[in-house]
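Below is one structure, written out as structure tokens, with a few remarks after it.
The values are calculated or read from the model by the stated rules, or taken from the named source; none is laboratory data. It should be emphasised that the depicted structure is a prediction, and the values quoted were computed from it without experimental measurement. Glycine gets a Cβ as well: all are built from the backbone with ideal geometry, and neighbour counts include every protein chain shown. SASA here: full protein model, heavy atoms, side chains in, ligands and nucleic acids out. Shrake-Rupley method; radii C 1.70, N 1.55, O 1.52, S 1.80 Å.
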Amino acid sequence: MTYHRRDILRTGLFAGGGLLLGFTMPLFGSRMAKAGQTDITGPSPSAFIRIGTDDTITLIMPDTECGQGIWTSSAMLIAEELEVAMAQVTLMPAPPNAAFYTSPALGEQATGGSTSTIGDWTRLREAGARARIMLIQAAANTWHVDPATCRAQAGMVHHEASKRSATYGQLAEAANALPVPGKVVLKEPADWELIGTSQKRLDTPAKVNGTAIYGIDVQIPGMKIGTVAASPVLGGKLRGINEAAARAVPGVRDVVTLDNAVAVIGDHFWAAKQGLAAANPQWDDGPNAQVNTHAIIQALADATKNPGAVARDDNDAPGKIAGAKTKVEAVYQLPFLSHAPMEPINTTLHIRPDGADLWVGTQVPVRAQKAIADAAGLKPEQVVVHNHIMGGAFGRRLDVDSIEQAGKIAKSLGYPVKLIWTREEDISHDLYRPFYYDRMAAGLDADGKILGWTHKTGGSSVMARWLPVGMKGELDPDAVEAATETPYDLPAIKVEYVRHESPGVTTAWWRGVGPTHNVFMVETFMDECAAAAGQDPIAFRRTLLQKNPRALAVLNLAAEKSGWGEKLPPGIGRGVSLQYAFASFLAHILEVEVSQRGEIKLRKATVAIDCGQRVNPDTIAAQIEGGLIFGLSMAMYSDITHENGRVQQSNFNNYRNLRIDEAPDIKVFQIDSHEHPGGIGETGTAAASAALGNAIFAATGKRLRKLPFGAGALQNA
Amino acid sequence: MKLSINGQPHDVDVPEDMPVLWVLRDVLGMTGTKYGCGIAQCGACTIHLDGQAVRSCMLPAGAVGTAVITTIEAVGNSPIGSKVQKAWLDTEVVQCGYCQSGQIMAATALLEQTPKPTDTEINAAMAGNICRCGTYVRIRAAIHQAAEA
């Protein structure tokens with residue numbers, strides 16, 4: 001792999017950032033590679049590490065921080081090998097630069113799929129090690145000693161024998177001129193000081209005193225603030241507005257119309273919002289004016305009667321089912337979901353003839369940069385991206401639809417403008433997790449053993465829109481993730497995917513992606529098979545896990561810690577969900593209480609996780625707790641429906657969220673493993689819904705097959 | 001109109017019906033108080049009005065009068081506010097953090113009123129604050145810690 005000379009200064013770390021002014025900042029390794037030096041096995045450390053002559057140590061984060069704690073974990077990986085203390089480092093987001101920051105796990109510069117630690121595990125430690133070696137070499141050269149007699153610690157290099165020391169700041173210029181080492185040897189686990197410990201998060205102090213700046217908080221001199229309404233029906237057009245009424249609202253400065261949207265801009269958000277109301281936009285709803293949920297479901301039901309693209313076909317599962325003593329069949333439905341991060345969609349933009357500045361929270365800075373470049377007729381390198389911490393993402397910020405829209409609006413304005421979507425706009429103009437319609441079947445023998453298992457899933461393909469090269473013909477690998485490969489040793493299995501696009505709905509990545517969909521399916525259906533076999537759900541699963549010791553271990557740990565098997569009072573039930581997803585193993589046991597009137601109370605959750613080598617155990621616990629609550633909230637209440645082409649939900653009054661008084665106690669048990677790290681950002685979410693449905697079944701004998709479960713589903717069951 | 005915010009008088013020229021949330025954020029540049037829903041459903045905009053937790057997204061500027069506003073930027077100046085912030089960091093409550101200004105304001109108001117709340121009292125007082133990241137379990141623990149401190 002060759003690296004090209006690139007001046008990282010001009011990619012935006014300094015231009016417009018204003019972060020590193022006031023002292024000499026020799027970019028440690030400012031040149032990426034000398035001509036002919038093509039043997040570096042990873043990016044030069046300068047992609048991730050900056051050392052100032054004032055001893056500031058800045059770590060450049062290739063992944064974006066949306067609350068999952070990745071900035072702290074990534075900093076730990078670098079700091080471990082670089083030999084600096086966490087208190088010594090400052091963090092910065094990486095600018096868009098595919099050459100430096102493409103994730104080895106994803107193949108682009110993006111944060112998602114619970115792949116950040118997986119992708120960073122080796123490259124960030126190697127970057128830290130390379131930098132440390134160069135700094136030690138610089139000291140050794142200065143002191144005319146053997147580098148092997150020098151030691152790096154807490155941002156300094158020491159030569160004990162001659163009692164000489166130098167700070168990294170003093171050594172940076174000299175280190176900069178040295179060749180970047182190729183292969184490096186990383187520390188042994190026994191020597192780790194940071195990895196595996198619960199270091200305090202670096203981003204949280206600013207988040208408890210109001211000083212953290214999210215995209216929505218950006219303030220730029222001369223900035224105006226606007227809000228946008230787009231056609232309520234996808235594909236509809238703006239027919240007209242009352243522009244005079246909008247401009248008559250005090251504080252309104254500009255009104256911009258697109259073919260399918262209107263933006264009102266003013267001195268403050270309130271003027272913009274009042275102005276938009278006064279504009280009273282009228283719409284031609286267009287071809288999707290009749291879209292409705294009932295028709296969507298019917299179309300999916302029809303589509304899934306047909307064969308799909310085959311993802312797996314081992315040992316004639318349909319034939320085994322046909323000949324089986326007991327047949328189990330089920331149809332499951334998962335609704336469209338909105339992301340609803342607490343920070344609504346917003347974009348701040350200043351487009352000029354010669355360049356642009358974009359302030360936003362995005363999971364995809366290269367795509368964001370290109371979106372503005374295209375909208376403004378600029379080259380990408382003319383667009384400076386100021387990537388801010390995000391007030392939640394959950395996959396929403398992997399898309400740049402709102403950024404493209406902002407580009408179209410802002411390019412006619414000469415000043416910086418912050419465009420905020422109201423919560424109503426955010427929920428009703430989201431890109432939704434697909435509606436999935438799944439048909440499952442199994443055949444059991446006289447002893448209740450599964451002989452064959454078939455799973456056909458139907459729904460929109462997010463992959464086909466977001467990353468067409470990820471498709472395998474008609475097969476969307478995400479649509480069958482955790483369906484094709486389950487933890488279980490099933491003797492015959494067939495998995496198919498029927499791609500069906502519902503008109504009037506754009507779909508997107510939603511926390512947990514394929515596993516959130518298929519762990520629900522597999523674990524609910526596995527529970528139904530256990531019930532058909534008359535066996536305990538965990539005992540039934542154990543028989544299929546003999547070849548999967550890590551999955552068996554988490555199942556057994558969760559069973560033990562939850563007291564599985566205890567006699568429970570009437571109305572109380574426990575349900576289990578087991579998964580291998582995002583390269584991590586997790587078992588979740590949820591205990592619920594269901595009242596006579598069908599009200600569900602979430603009592604307690606027990607989780608056992610094996611995510612391989614842990615970087616920050618407290619972050620893992622927090623992500624499992626939070627991911628689980630995110631998933632339980634979804635499983636209880638979340639349902640995006642359509643009528644007359646319009647999304648019917650708009651705010652937290654009608655898109656209900658779990659509250660603190662509904663949140664169960666959660667205990668997370670972590671297995672100490674030294675396997676390669678797995679992902680945890682989405683892992684808890686995938687584990688939520690099957691355990692809920694299985695617990696409800698245990699408590700009531702009623703099997704629910706269509707999410708959400710909490711909004712009266714039991715009363716209607 | 002004159003508004004007293006964090007112990008400072010502010011003279012602002014805004015419509016009477018403009019919610020205090022936008023006066024704080026857009027006119028005064030105090031962005032610690034957040035917009036989450038605009039209809040007092042999520043609590044991200046919580047401030048104190050004479051020490052009471054109030055949703056500033058639905059508090060018209062004209063209704064404030066001489067009442068004293070406290071925001072997240074200054075809540076740490078009070079003993080309880082400071083204990084709450086410390087407990088939040090000690091228990092690592094925060095994930096994305098966007099709801100946490102409102103959570104901290106609500107928690108501080110609760111503890112000013114009820115120094116040693118039970119879980120039931122915590123749940124009731126904090127049910128108006130949504131956290132999409134799901135930090136509720138740690139919020140409960142942090143409030144107990146602040147109460148004991």
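Points worth noting:
- In the structure shown, the pairs A:273/B:34; A:305/A:327; A:667/B:34 are assessed against 20 Å; a Cα-Cα span above that value is assigned to A:667/B:34.
- Net charge dipole size for chain A [Lys, Arg +1 and Asp, Glu -1 on Cβ; Debye, nearest 20]: 320 debye
- Residue A:451 exposes around 50 Å² of accessible area when a 1.4 Å probe is run over every protein chain in place.
- Top positive-direction residue, dipole computed over segment A:136-264 with Cβ charges, set A:213, A:181, A:231: A:231
- Long-range amide H partners of residue A:342 with built H, under 5 Å: B:132
- Kirkwood analysis of the Cα pair distances in segment A:495-576 returns a hydrodynamic radius of 15.6 Å.
- Packing, as the average of other Cβ atoms within 10 Å across residues, places the peptides A:701-710, A:307-316 in the order A:701-710, A:307-316, highest first.
- With all pairs of separate Cα atoms included, chain B yields a Kirkwood hydrodynamic radius of 15.2 Å.
- Percent antiparallel among DSSP beta bridges (both partners in segment A:586-681, rounded to 5): 65 percent
- With protein chains left intact and a 1.4 Å probe, residues in segment A:363-503 average 31 Å² of accessible area per residue.
- One Cα centroid belongs to segment A:273-329, the other to segment A:475-514; the line between them spans 13 Å.
- Only Lys, Arg, Asp and Glu carry charge here, each on its Cβ (+1 for the first two, -1 for the last two); on that basis segment A:177-330 has a dipole of about 180 debye about its Cα centre.
- Of all DSSP beta bridges in chain A, antiparallel share, percent nearest 5: 75 percent
- Shielding of B:83-95 by partner chains, average beta-carbon count, 10 Å: 5
- Signed unit charges on C-beta, dipole axis of the protein assembly as shown, positive-most listed residue A:74, A:460, A:605: A:460
- Quarter of the Cα convex hull surface for segment A:104-207, i.e. its orientation-mean projected area (nm²): 9.3 nm²
- Translational diffusion of segment A:559-717 was estimated from the Stokes-Einstein equation, with Rh taken as the Kirkwood radius over Cα pairs; at 4 °C and 1.567 mPa s the coefficient is 79 µm²/s.
- Protection-proxy order for peptides A:58-67, A:424-433, A:460-469, A:659-668, each taking the mean of Cβ atoms within 10 Å per residue, highest first: A:58-67, A:424-433, A:659-668, A:460-469
- In segment A:373-469, the portion of solvent-accessible area held by carbon and sulfur atoms comes to 55 percent [1.4 Å probe, whole percent, DNA, RNA and ligands not counted].
- Remark: mean inter-chain Cβ contacts per residue of B:11-19 equal 3, using a 10 Å Cβ-Cβ cutoff to other protein chain atoms.
- Dipole magnitude for segment B:1-84: computed about the Cα centre from +1 point charges on Lys and Arg Cβ and -1 point charges on Asp and Glu Cβ, it is near 340 debye.
- Between amide H atoms placed 1.01 Å from N, distances below 5 Å from residue A:432 occur with A:506, A:507, A:508, all of them 5 or more places distant or on a separate chain.
- Couplings 3J(HN,Hα) for segment B:115-126, derived from phi with the Karplus relation 6.51 cos²θ - 1.76 cosθ + 1.60 (θ = phi - 60°), are x, 10, x, 7, 4, 5, 5, 4, 4, 5, 6, 9 Hz, where x marks Gly and Pro.
- Span from the segment A:39-110 Cα centroid across to the segment A:169-202 one, whole angstrom: 11 Å
- Loop-resident GluC sites (Glu not before Pro) (DSSP state other than H, G, I, E or B) in segment A:145-242 with no more than 12 further Cβ atoms inside 10 Å of their Cβ: A:160.
- When the accessible areas of A alone and B alone are added and the area of the pair subtracted, with a 1.4 Å probe, the result is around 4600 Å², both sides summed.
- When the convex hull of its Cα atoms is projected in every direction, mean area for the protein assembly as shown (nm²): 37.3 nm²
- Inter-chain Cβ neighbour average for residues A:307-317, partner chain, 10 Å: 0
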